[in-house]
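Undergrad: Can you keep this structure in mind? I'll have questions shortly.
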Amino acid sequence: MTTSPPTMTPPAEAAFPALGTTAVLLVTDPAALPAAEAVLRTELAAVDATCSRFRADSELTRVNLAAGTPVTVGPRFAEALEAALRAAELTDGAVDPTVGRAVIALGYDRTFASVRPEDARPLPVFRPAPGWRRIGWNPRTRTLHLPPGTFLDLGATAKALTADRAARRAAATAGCGVMVNLGGDLAVAGPPPDGGWRIAFADDHAGPAPDHCPAVTVTTGALATSGIRVRTWRRAGRTVHHIVDPATGEPAAPVWRTVTVAAATCVDANAASTAAIVRGHAAVDWLRGTGLPARLVAEDGQVVRVGGWPPDTPATASDGGPR
C-alpha cells in the first residue's frame, strides 16, 4: 500500500482598500479567513477613527486643535502616541511626530488621492519641527500637552502599529498563521506556512510585477518598506514627497528610492526604514549600528545590504507581500 504525499493548501488571501493604501491579509487556514478578516477590518476602523489626519471627527484632529491646552486621550490613542515617542527616541529624532504642520504646508493636507498632483502655489517657508521632546505626556493619567501651534502626524508609526496588532489578534482568533500587509508595513504571527512566508517587494512600489522583483522569506516578526517614489506631487515646479526631515521641515533629500528593514515588530521596522530615508547618506552606518537587517536602494538603482540581509532571489507569481 502506498500513500500519496499530502497536498499543501496555499494560503488564502483577502485584499481591500484601507488607510489610503491596500490592506492584504493571508492566512494558512482558508476556513479561518473570514474571522481573521473581521479582526483586521476592526483594527483598521479603530486606527482611522483614532489617528487619521483627514477626519474632522478623529481623536488626532481633536488633539491637534487643542494644542497648547492639556487634554486627556483614550487608551488607543495613548498606545499610538507612545509608539511614536518610542520611535522618535530610538531614531534620535529622525522620525518625529511633530512634523504635522510641515507635511500640511507642503500640500499633504487631505487624503493622498485628493492631493493636487500639480500645485502652482509657492513652496512654504521650511521650518524645523517643534520637536518630540517638547511634548508633555503623562502615561498614568493619559494627559497630553502639545506646545501651541504643534500638529502631530502619526503616519510613520500608526499604520505599522495596526499591522502588528492585527496580525497578533487575527492569529489568536483564527488559530493559524497570519500575514498582514498594509501598504508595505507587514507583520506575521502564528505558525508560518511550510518554508515561511515568501515576501516579494518592488524597488518602486508601482513598478515591476512580482515575478521580476526580489523576494525574502519571513517566519516571524515584521518588515517595513519606506520610499519616496509613490507619495509624490509637484509644488511650484519641484517634486516633493511625504517623508519630512524634522530638522529642516523639508522633504528628505532623495538619496534612497526605498529602504526595507526587518525587525521584531513592524513599528520598529518602519521607524528604522523611515529614519534611513531621512538620514540619507548617513543611513548605512546608522543601520549597521542598529543591527537590523536592511536593504537600501539608491536613486540610481544600486542596492546596499546591511545586517545580514540576504542576496536577492527572484520572486514568483505566488509570493505575497509589498508589490
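Undergrad: Could you sort 92-104, 288-300 so that the peptide with the highest average Cβ count within 10 Å comes first and the rest follow in order? Display every interim value, and only then the final one.
TA: Values: 92-104: 22.9, 288-300: 16.9.
The most tightly packed comes first, giving 92-104, 288-300.
Undergrad: How do 226, 52 rank when sorted from fewest to most other Cβ atoms within 10 Å of their own Cβ? Walk me through the numbers before you get to the answer.
TA: Working: 226 26, 52 20.
In increasing order of surrounding Cβ atoms, one gets 52, 226.
Undergrad: Moving to a separate point now. From the Cα gyration tensor of the stretch 12-314, with a ≥ b ≥ c the square roots of its eigenvalues, which class applies: rounded if a/c is under 1.5, or else prolate if a/b is larger than b/c, or else oblate?
TA: Working: a/c = 1.61, a/b = 1.20, b/c = 1.34.
In terms of gyration-tensor shape, oblate.
Undergrad: How far, in nm, would the chain grow between residue 35 and residue 282 when pulled straight, counting 0.36 nm per residue and subtracting the alpha carbon separation?
TA: Here the segment from residue 35 to residue 282 would lengthen by 84.5 nm.
Undergrad: Listed highest first by mean packing, meaning other Cβ atoms within 10 Å per residue, what order do 78-85, 62-69 come in?
TA: On the way: 78-85: 20.6, 62-69: 15.1.
Averaged packing, sorted descending, gives the order 78-85, 62-69.
Undergrad: Mind ordering 151-160, 166-175 by average Cβ neighbours within 10 Å, highest first?
TA: On the way: 151-160: 26.0, 166-175: 21.5.
Ranked from most to least packed, the peptides come out as 151-160, 166-175.
Undergrad: Could you list 61, 219 so that the one with the fewest beta carbons within 10 Å of its beta carbon is first and the one with the most is last? Before the final figure, lay out the partial values.
TA: Details: 61 17, 219 12.
Lowest count first: 219, 61.
Undergrad: While we're here: Where does the charge balance sit around residue 9 when Lys and Arg score +1, Asp and Glu -1, over other residues with C-beta under 11 Å from its C-beta? Provide the component values of the computation, followed by the final result.
TA: Values: positive: none; negative: 29, 194.
That works out to -2.
Since every read-out is calculated from the coordinates, none of them should be taken as a lab result. Predicted model only: the values in this text are computed from it and were never measured. Please note: Cβ atoms are built from the backbone with ideal geometry, for glycine as well, and neighbour counts cover all protein chains shown.
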